[in-house]
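Enquirer: Supplied in structure tokens, the structure appears directly below.
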Amino acid sequence: MARSEEAEAFFHVVYTAVQQIPYGKVTTYGHIAKLIGTPERPRQVGICLKHLPQDTESRFNHDNVPWQRVINAKGMISPRSQPSGARNQAAALRTEGVTVTTSALGELMVDFSECGWFPNVLPSEAEEDDD
DNA sequence: TTGATGACTTGAT
DNA sequence: CATCAAGCCATCA
């Protein structure tokens, strides 16, 4: 019994939440996790994107899910295992007009002050729905 | 089947 | 302010 229905539903909500990110904006795994109701599982969000299919025939794939707009809480693109993927992600963000800065260590950093997408989950000042 | 790994986050030292 | 440790759960070996 591999892939329980619950896991599949989790994947679904994660991909859907990622699709809610507007063009030229970025958010964090933890934020996505909180939006889908599982703030304790930011890691699974990353797993979902890792297993995001590339087939354009799949319901969710690299073409319709802006996985590139999802980065870590430090505002930097996770190097995952090879810098090639992160570099590609940075390039995609730049194409959307997102300012991506490269640190001395080669870490790709994104400025949340300019492209940070954080809906009404702020600790204060946001008590009304934006819907 | 178990064990280890990973596109993370938060809190404590 | 920097570093360590624990918690999560799906996937790979």
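The values are calculated or read from the model by the stated rules, or taken from the named source; none is laboratory data. This is a predicted model, so every value here is computed, not measured. Ideal geometry is used to build each Cβ from the backbone, glycine not excepted, and the neighbour counts take in all protein chains shown. Accessible surface is based on the protein model in full, side chains and every heavy atom, while ligands, DNA and RNA are left aside. Shrake-Rupley method; radii C 1.70, N 1.55, O 1.52, S 1.80 Å.
Enquirer: Keeping all protein chains in place, calculate the accessible area per residue for segment A:5-115 (probe 1.4 angstrom), answer in Å². Kindly include the intermediate steps, with their values, before the conclusion.
Expert: On the way: 6540 Å² over 111 residues.
Dividing the accessible area of segment A:5-115 by its residue count gives 59 Å².
Enquirer: Here is a further query. Taking each pair of distinct Cα atoms in segment A:5-115 once, what is the resulting Kirkwood hydrodynamic radius in Å? Please report the intermediate quantities before stating the final value.
Expert: Numbers: mean 1/r = 0.0708 Å⁻¹.
Evaluated on segment A:5-115, it is 14.1 Å.
Enquirer: Counting each DSSP H run of 4 or more residues in chain A as -39500 (n - 2.57), what helix-only mean residue ellipticity at 222 nm follows after dividing by all residues, to the nearest 500 deg cm²/dmol? Write down the numbers at each step before the final one.
Expert: Working: 5 runs with 48 residues, N = 131.
The helix-only estimate for chain A comes to -10500 deg cm²/dmol at 222 nm.
Enquirer: How much space per residue, in cubic angstrom, does the convex hull of the C-alpha atoms of segment A:1-69 take up?
Expert: Values: hull volume 5.9 nm³, N = 69.
Spelled out: Cα convex hull of segment A:1-69, divided by residues, is 86 Å³.
Enquirer: On full extension of the chain, what length is gained from A:GLU5 through A:ALA104, given 0.36 nm per residue of separation minus the C-alpha to C-alpha distance? List each step's numbers first, then the result.
Expert: On the way: separation 99, 0.36 × 99 = 35.64 nm, distance 4.36 nm.
Residue separation times 0.36 nm, minus the Cα-Cα distance, leaves 31.3 nm.
Enquirer: Calculate the dipole size of segment A:5-115 relative to its Cα centre from +1 charges on Lys and Arg beta carbons and -1 charges on Asp and Glu beta carbons; express the result in debye to the nearest 20. All intermediate terms of the calculation are to be shown ahead of the outcome.
Expert: Working: 11 positive and 11 negative charges, 66 e Å.
Dipole magnitude for segment A:5-115 comes out near 320 debye.
Enquirer: Now for a separate question. With springs connecting C-alpha atoms under 10 Å apart, model chain A as a Gaussian network and identify which of A:SER78, A:SER58, A:SER113 has the largest mean-square fluctuation.
Expert: A:SER113
Enquirer: Still on this structure, please answer the following. State the percentage of accessible surface on segment A:11-83 attributable to carbon and sulfur atoms; use a 1.4 Å probe and exclude ligands, DNA and RNA. Each step should come with its number before you reach the end.
Expert: Values: 2000 of 4190 Å².
Within segment A:11-83, the accessible surface is 48 percent carbon and sulfur.
Enquirer: Another one. Tally Lys and Arg at +1 and Asp and Glu at -1 over the other residues with C-beta under 15 Å from the C-beta of A:ARG80: what net charge comes out? Intermediate results must be reported in sequence, preceding the final value.
Expert: On the way: positive: A:ARG43, A:LYS50, A:LYS74, A:ARG87; negative: A:GLU107.
Around A:ARG80, the charge tally is +3.
Enquirer: For segment A:34-79, what is the convex hull volume of its Cα atoms per residue in Å³? The partial results should precede the final answer.
Expert: Details: hull volume 4.1 nm³, N = 46.
It is 89 Å³ per residue.
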